[in-house]
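Following: one structure in structure tokens, then a few remarks.
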Amino acid sequence: MFVAAAVSLAAFIANPMFAQSQAEGVKKDIALQLYSLRDMFKKDYEAAMKVVGEMGYTAVEAAGYSDGKFYGQTPEKFKADVEKYGMKVLSSHTSKALSDKELKTKDFSESLKWWDETIAAHKAAGMEYIVMPWMPTPKTVEDLDTYCKYYNAVGKKCKDAGLKFGYHNHAFEFQKIEGKEMMYDYLIKNTDPDLVFFEMDVYWVVRGQNSPVEYFKKYPNRFQMLHIKDHKELGESGMVGFDAIFKNIAPSGAKHLVVEVERYDFPPEVSVKKSLDYLQKAPFVKESYNK
């Protein structure tokens with residue numbers, strides 16, 4: 001139940017260690033991907049938003065857009081609710097895959113019509129970025145190339161509206177397509193840097209057996225946003241190497257850090273707060289990357 005979750009968070013915040021962690025350093029500019037608290041938002045949207053604000057996150061990345069609304073709220077109300085709890089609206093994960101017909105004909109004008117309303121709603125909500133959170137795994141290089149052209153077209157629409165469009169990876173992009181080139185590299189090389197950026201999920205890059213730092217160096221300034229994620233709470237697995245990532249972050253062009261927690265060792269709200277504390281306390285994480 002949400003009530004039980006709220007009680008557990010209240011107990012966690014009341015812990016002296018919480019107060020100590022808040023007092024030890026400056027509040028860093030860190031956003032939360034709201035998918036991290038997906039069950040809370042389904043049960044009690046208002047209470048969940050309040051919880052996120054009280055944790056100390058400075059911005060949010062939505063994952064609940066549908067039919068012109070965010071989590072069932074109008075764009076204007078969503079923006080007002082985020083700001084009411086001391087945060088700002090940063091970005092949104094929003095997806096529109098191409099149909100089989102569009103892939104075959106390479107005519108994605110129908111999907112682009114969907115983006116017109118979507119972009120308008122995101123602008124009304126105060127978004128700076130729209131991020132495609134996934135894509136169906138392409139079967140051919142030709143299909144992947146069609147997606148690159150599609151992303152360029154969506155990116156152009158976003159740019160014309162004053163927004164930025166990006167793509168968020170998982171692990172499958174680090175496989176070769178038709179035995180040729182790695183999908184992630186193909187996406188980066190065949191999208192226009194002025195129209196498409198990449199929100200690198202550092203955890204999935206590592207799970208794909210690659211190095212975030214090497215990608216920073218290989219494709220400088222393509223990664224305006226980073227998903228900071230671990231197997232569960234940040235820093236718990238020891239596999240991601242956050243210290244190396246942050247010490248070598250400069251070539252990436254990253255301006256925003258977004259925490260995402262998908263699996264938990266604790267109640268979700270506790271895991272999400274622990275992840276923020278990890279970054280707040282980490283000496284290798286700057287106060288802001290957007291200055």
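Observations
- Sites MET182 and LYS69, calculated FRET efficiency, Cβ-Cβ separation with R0 51 Å, nearest 0.05: 0.85
- Taking 20 Å as the limit for the C-alpha separation, the pairs LYS123/LYS156; LYS69/LYS104; LYS101/LYS123; LYS50/LYS274; LYS79/LYS232 exceed it in the case of LYS69/LYS104; LYS101/LYS123; LYS79/LYS232.
- When DSSP beta bridges are restricted to pairs lying wholly in the stretch 99-208, around 20% turn out antiparallel.
- Across all directions, the average projected area of the convex hull around the alpha carbons of the stretch 157-236 is 6.1 nm².
- Residue-by-residue Karplus 3J(HN,Hα) for the stretch 268-281, coefficients 6.51, -1.76, 1.60, Hz, glycine and proline x: x, 5, 6, 4, 5, 5, 4, 5, 5, 4, 4, 6, 4, 7
- Sorting 79-88, 149-158 by average packing, meaning the other beta carbons within 10 Å per residue, from highest down gives 149-158, 79-88.
- Amide proton proximity set for LYS88, modelled H, under 5 Å, gap of 5+: ALA59, VAL60
- With the simple model of a label 7 Å out from the Cα in the direction of the Cβ, THR105 to ARG263 spans 4.2 nm.
- With viscosity 0.692 mPa s and temperature 37 °C, the Kirkwood radius over alpha carbon pairs of the stretch 116-167 converts through Stokes-Einstein to a diffusion coefficient of 280 µm²/s.
- Close amide-amide hydrogen proximity is noted between PHE197 and PHE165, GLY166, TYR167, each under 5 Å apart and 5 or more residues distant or on a separate chain (H modeled in the peptide plane; Pro and chain starts excluded).
- The mean of 1/r over all distinct Cα pairs in the stretch 86-144, once inverted, gives the Kirkwood hydrodynamic radius of 13.1 Å.
- Peptide packing for 187-196, 255-264 was compared via the average number of neighbouring C-beta atoms within 10 Å per residue; ordered from the highest value, the list is 255-264, 187-196.
- Karplus (6.51, -1.76, 1.60) ³J(HN,Hα), θ = phi - 60°, over the stretch 93-106, in Hz, Gly and Pro reported as x: 8, 9, 10, 9, 6, 6, 6, 4, 5, 5, 5, 6, 8, 6
- Zero-based 5 Å bins, Cα pair distances in the stretch 70-177, whole percents: 2, 11, 21, 21, 17, 12, 8, 4, 2, 0
- Average accessible area per residue (Å²) across the chain - probe 1.4 Å, nucleic acids and ligands excluded: 44 Å²
- Correct option for Cα extents along the principal axes in Å [calculated from the coordinates] among (i) 47, 44, 40; (ii) 60, 41, 35; (iii) 74, 72, 32: (ii)
- Fraction of accessible area attributable to carbon and sulfur, the chain (%, probe 1.4 Å): 53 percent
- Working from label points 7 Å from Cα in the Cα-to-Cβ sense, the LYS218 to ARG38 distance is 2.9 nm.
- Each residue of the stretch 189-204 was assigned a 3J(HN,Hα) from its phi angle through the Karplus curve 6.51 cos²θ - 1.76 cosθ + 1.60 (θ = phi - 60°); the sequence is 5, 10, 10, 6, x, 7, 10, 9, 10, 10, 8, 6, 8, 5, 5, 6 Hz, with glycine and proline shown as x.
The values are calculated or read from the model by the stated rules, or taken from the named source; none is laboratory data. Note that this is a predicted model, so its numbers are computed, not measured. Note: ideal-geometry Cβ built from the backbone for every residue, glycine included; neighbour counts use all protein chains shown. Surface accessibility is based on the protein's heavy atoms, side chains included, excluding ligands, DNA and RNA. Shrake-Rupley method; radii C 1.70, N 1.55, O 1.52, S 1.80 Å.
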